[in-house]
Amino acid sequence: MNKRTVAIIGAGRVGGAVGRLLAQAGYAVTAVATRNKETAEQARAFIGAGDPLTDVVKAAASADIVLLTTPDGAIKSVCDSIAAGKGFRPGAVVVHMSGAQTLDPLDAAKGSGAYRAVIHPLQSVPSMELGERNIAGSYFRIEADPEAAQTARELVHTLGGIELVMPKWGSDKGSAALYHAGAVVVSNFFVALVDFGLRYYQALGANKEDALKAVLPLIKGTLANIESAGIPAALTGPIMRGDVETVKGHLQAMAVRAPELLPLYRELARHTVMVARDKNSIDPQTAADIQKLMEL
């Protein structure tokens, strides 16, 4: 079966972005279903196709591919409701896009004669517009029933994605949680880390918005270094150089001027020592000296 018809269930940021990309690529988006009609109509307008519906059973029944892009906690209940209403076509492929969930929330679909798949982009989607722009080129986690694997890979290919191969993946909750935690660290924690860095300038009286403008070129330069040189090669700074006195000065200044910043600085410094050792830029004794400073 050439599965080209798609229903979007839960057309928020991810559903809207993916729906639009698939529609532009030639997939027939048959329905866009959300909890209220106005939201469905807004999503439909962005996607450019699909009947705006609030009836998820009717929406699912209209397509051979059903994308459940609801919040994580609603995937199972929505899938169960559609299955109870006999909304899944036999042989349909039912897909969710949650990084933290396995195939398990889609079990009711499998019980209805459909097949399950997960495709999750390693990408931040703060809006439909930015999702449409950023998803292409992203790596995806793919997990699927054997009968749905080809369709899942075709969807990822159509979205401009690349499959992330993880040989130790176990198709279990622990694997999904570990995978998702990595995404949280490099994306969500990165935003929090930048906020943490700005607090040093705020402690010196700088305006937060001005401080962000000031460090953005440094952030962009660092990301460019990571992209071109990789990790650990992109690491620079006093820990990479083994400059114990500079690091000691940081700690002393924080203790006096901004003691609330010390705990996280110490934790980050400990890990940075490990990265510097991976780069072979500091010897074991210097690494031990810096680690000892973090314990004081």
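Of the helices (runs of 4 or more DSSP H) that lie entirely inside the stretch 222-296, those containing 1 or more residues that are of a type in the set (Val, Ile, Thr) and farther than 24 Å from VAL186 by Cα span 244-257, 284-293.
Just to be sure, is LEU67 closer than 18 Å to LEU155 by Cβ, surrounded by 18 or more Cβ atoms within 10 Å (Cβ to Cβ) and touching a residue at least 12 places away in the same chain (Cβ under 8 Å)? In short, yes. Each residue in the stretch 228-251 was checked for being over 14 Å from SER281 (Cβ atoms) and exposed (fewer than 15 other Cβ atoms within 10 Å of the Cβ), and 5 of them qualify. For the stretch 169-208, a tally of residues being open to solvent by less than 50 Å² (accessible area, probe 1.4 Å) and outside any helix (DSSP H, G or I) returns 3. Looking across the stretch 99-133 at every residue that is touching a residue at least 60 places away in the same chain (Cβ under 8 Å) and either in contact with a His (Cβ under 7 Å, 6 or more places away or on another chain) or small (Gly, Ala, Ser) (or both), the one that is most open to solvent (accessible area, probe 1.4 Å) is identified as SER124.
Contact annotation: residue pairs with Cβ atoms under 8 Å, 6 or more positions apart or on different chains, pairing a residue in the stretch 29-57 that is without any contact (Cβ under 8 Å) to a residue 60 or more places away in the chain with a partner that is of a type in the set (Asp, Glu), are THR30/ASP51; ALA31/ASP51; VAL32/ASP51; ALA33/ASP55; ARG44/ASP51; PRO52/GLU41.
Residue-level check: of (1) in contact (Cβ under 8 Å) with a residue 12 or more places away in the chain; (2) surrounded by 14 or more Cβ atoms within 10 Å (Cβ to Cβ), ASN225 misses just (1). Considering every residue within the stretch 135-158, establish whether at least one is of a type in the set (Phe, Trp, Tyr) and within 22 Å of the chain's Cα centre (by Cα). Yes, some residue in the stretch 135-158 is of a type in the set (Phe, Trp, Tyr) and within 22 Å of the chain's Cα centre (by Cα). The sole residue among ILE282, ILE239, ILE290, ILE219 that is modelled with pLDDT of 95 or more and under 26 Å from TYR139 (Cα atoms) is ILE219. For the residues ALA253, ALA233, ALA258, the requirement of being within 26 Å of the chain's Cα centre (by Cα), of a type in the set (Gly, Ala, Ser) and over 21 Å from SER124 (Cβ atoms) singles out ALA233.
Note on the stretch 276-292: among residues that are of a type in the set (A, V, I, L, M, F, W, C) and buried (at least 16 other Cβ atoms within 10 Å of the Cβ), the one that is nearest to the chain's Cα centre (by Cα) is ALA276. Evaluated against (1) closer than 21 Å to ALA100 by Cα; (2) hydroxyl-bearing (Ser, Thr, Tyr); (3) open to solvent by less than 70 Å² (accessible area, probe 1.4 Å), TYR139 falls short on exactly one condition, (3).
The values are calculated or read from the model by the stated rules, or taken from the named source; none is laboratory data. For clarity, every value in this text was computed on a predicted model and none was experimentally measured. Here the Cβ is made from the backbone with ideal geometry for all residues, glycine too, and neighbour counts use every protein chain on show. Surface areas here come from the heavy atoms of the whole protein model, side chains and all, with no ligands, DNA or RNA. Shrake-Rupley method; radii C 1.70, N 1.55, O 1.52, S 1.80 Å.
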